[in-house]
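See below for the structure under consideration.
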Amino acid sequence: MMQIYKGIGTDHCDHEDLIDFLNYVFGMNGFDSGFYRLLPKLYRPAFRPEDHNFIVTEDGKLRAAVGSYPIALSVAGHELSAAGIGNVAAHPFHRGKGYMKDCMNMAMRDAVEQGLDFAVLGGRRQRYSYFGFEPAGLCAKFTLEDHNLRHAWGYKGEPFGYKAERVSPDDADALSAIDGLTRRRPSHPLRPADKLYDTLNNWESKVCKVLSPDGAFAGYFLATGSVSEIDCVSPDHAGGVIAACFAFMGKPALDFFIPPYSRTMLDALSDLSEGMVLTVTENYCVLNYERVARACLELKSQLVPLCDGELFLDIDGFAGKESLRVSVSGGKPSVEKAEPGKGISLSHRKAMELLFGPFSQERYALPAFAQNWFPLPLFVPEVDND
């Protein structure tokens, strides 16, 4: 009789078997493309990816796998814990058996049992809405073209004395400076020091420091075909960092993805870019609405003035029911548990849309004072999402 195992990968597959399986399912050859290269912070043998994968095997042979990797965020001084869900894979000859669903359910059940605050993944909306995920993570996508720089700043290919250079793994000063800039933002990932370089290189990003005309560190950027992360030490350097990025990439147009709390870059690019659209970055499943809403509402209060008022919500959440009192007094927000039955009744999906999504019918029905509270700025940078 066939032996079927469903559970964590530890002691049931090694890293080489797992990586070979994932490369096969995703059509990668393991040399110029493959999971070691694509996501080095997760799949190096030393990081034991098998310990973070829920798998299904038949007689010891891998048939499906879903990775669940830890993410930590500091949001307005609150530390949030999350699961980055990734490498959702089922063997092409063994699809239709429900193995992918089994792995996803194991991963999400584990996230709830660990008491994590939310989970995040990329992929098709309807495919993952079965597991509680909805689009969120609002950010601005700016399109910058060479003629914008030329007409606005007189740019002719020379970035005003600023210079972008690739960061090497042994450039400790640059990595420390980048991490310091990251931690200065009111919302930022907590990137482990031993994985910092690998994290910055996720999704085959180019990690570049930018030096000012006097040779000092002025900022950095992460780029693939677009710029997923960019920052500078002060507003005076914003233009030079953007110009150096543009010169380094050597393209006639670039897209920049900027979260709502990166004020310096939002200001610089909004004055300069050809166009801007608001977009969502990933799919999120909030598991603890109280903690996530509290952190994100405090973050929003640092970005815009909030109207005073009080709102009660009864949420039938993915991880359980939550009744919350959301209030602002004197511009200071508060989110706390409330007596059930006093508030607006929301399913998990409707709560995700109202609190964190780009559009919500329920939001239009809120009292006027609550209209500027939402959506809340929940955002995981691309290189930190697994």
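A Cβ distance below 6 Å, combined with a sequence gap of six or more or placement on separate chains, defines the contacts here; from segment 235-257, residues that are of a type in the set (Val, Ile, Thr) reach residues that are buried (at least 19 other Cβ atoms within 10 Å of the Cβ) in the pairs 241/210; 241/218; 241/219; 241/232. Only one entry in 216, 247 is among the aliphatic types (A, V, I, L, M), more than 24 Å from residue 370 (Cα to Cα), surrounded by fewer than 21 Cβ atoms within 10 Å (Cβ to Cβ) and modelled with pLDDT of 95 or more, namely 216. In segment 55-65, the count of residues that are buried (at least 19 other Cβ atoms within 10 Å of the Cβ), under 21 Å from residue 23 (Cα atoms) and basic (Lys, Arg) is one or more. Select from segment 313-327 the residues that are out of contact with any strand residue (DSSP E or B) (no Cβ under 6 Å at 6 or more places or on another chain) and either within 14 Å of residue 293 (Cα to Cα) or among the small types (Gly, Ala, Ser) (or both) and list them in ascending order. Answer for segment 313-327, where residues must be out of contact with any strand residue (DSSP E or B) (no Cβ under 6 Å at 6 or more places or on another chain) and either within 14 Å of residue 293 (Cα to Cα) or among the small types (Gly, Ala, Ser) (or both): 317, 319, 320. Considering only residues that are surrounded by fewer than 19 Cβ atoms within 10 Å (Cβ to Cβ) and touching a strand residue (DSSP E or B) at 6+ places or on another chain (Cβ under 7 Å), which ones fall in segment 349-361? 349, 358 - these are the residues of segment 349-361 that are surrounded by fewer than 19 Cβ atoms within 10 Å (Cβ to Cβ) and touching a strand residue (DSSP E or B) at 6+ places or on another chain (Cβ under 7 Å). Considering the conditions (1) without any contact (Cβ under 8 Å) to a residue 60 or more places away in the chain; (2) under 23 Å from residue 199 (Cα atoms); (3) of a type in the set (Gly, Ala, Ser), residue 140 is excluded by exactly one of them, (1).
Here residue 173 passes the criteria (1) closer than 19 Å to residue 242 by Cα; (2) over 25 Å from the mean Cα position of the chain (by Cα) except the one numbered (1).
Is it the case that residue 297 is at pLDDT 95 or above, of a type in the set (A, V, I, L, M) and not assigned by TED's automatic domain parsing to the domain that holds residue 199? Spelling it out, residue 297 is indeed at pLDDT 95 or above, of a type in the set (A, V, I, L, M) and not assigned by TED's automatic domain parsing to the domain that holds residue 199.
Of all residues in segment 94-110, those being free of Cβ contacts under 8 Å to residues at least 12 places away in the same chain and not in a helix (DSSP H, G or I) number 3.
Of everything in segment 139-170 that is among the hydroxyl-bearing types (Ser, Thr, Tyr) and at pLDDT 90 or above, the residue that is farthest from the chain's Cα centre (by Cα) is 162.
The sole residue among 346, 324, 311, 354 that is at pLDDT 95 or above and out of contact with any Asp or Glu (no Cβ under 9 Å at 6 or more places or on another chain) is 311. When each of 86, 115 is tested for being among the small types (Gly, Ala, Ser), part of a strand (DSSP E or B) and within 27 Å of residue 378 (Cα to Cα), the lone residue that passes is 86. The C-beta contact set for segment 192-205 (first residue aromatic (Phe, Trp, Tyr), second residue outside any helix (DSSP H, G or I) and modelled with pLDDT of 90 or more, distance under 8 angstrom, 6+ apart or interchain) comprises 197/167; 197/169; 197/207; 203/228.
Residues that are free of Cβ contacts under 8 Å to residues at least 24 places away in the same chain and within 21 Å of residue 130 (Cβ to Cβ), at least 3 per element: which helices (runs of 4 or more DSSP H) completely within segment 275-386 meet that?
On the way: elements: 289-303, 348-356, 361-364.
Once the helices (runs of 4 or more DSSP H) in segment 275-386 are filtered for at least 3 residues that are free of Cβ contacts under 8 Å to residues at least 24 places away in the same chain and within 21 Å of residue 130 (Cβ to Cβ), nothing remains.
Let's see how each residue does on (1) within 30 Å of residue 304 (Cα to Cα); (2) buried (at least 18 other Cβ atoms within 10 Å of the Cβ); (3) of a type outside the set (Ser, Thr, Tyr):
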{"site": "3", "(1), (2), (3)": "no, no, yes"}
{"site": "37", "(1), (2), (3)": "no, no, yes"}
{"site": "42", "(1), (2), (3)": "no, yes, yes"}
{"site": "49", "(1), (2), (3)": "no, yes, yes"}
{"site": "69", "(1), (2), (3)": "no, yes, no"}
{"site": "83", "(1), (2), (3)": "yes, yes, yes"}
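The values are calculated or read from the model by the stated rules, or taken from the named source; none is laboratory data. What you see is a predicted model, and the numbers here were worked out from it, not measured in a lab. Cβ: placed from backbone, ideal geometry, glycine included. Neighbour counts: every protein chain shown.
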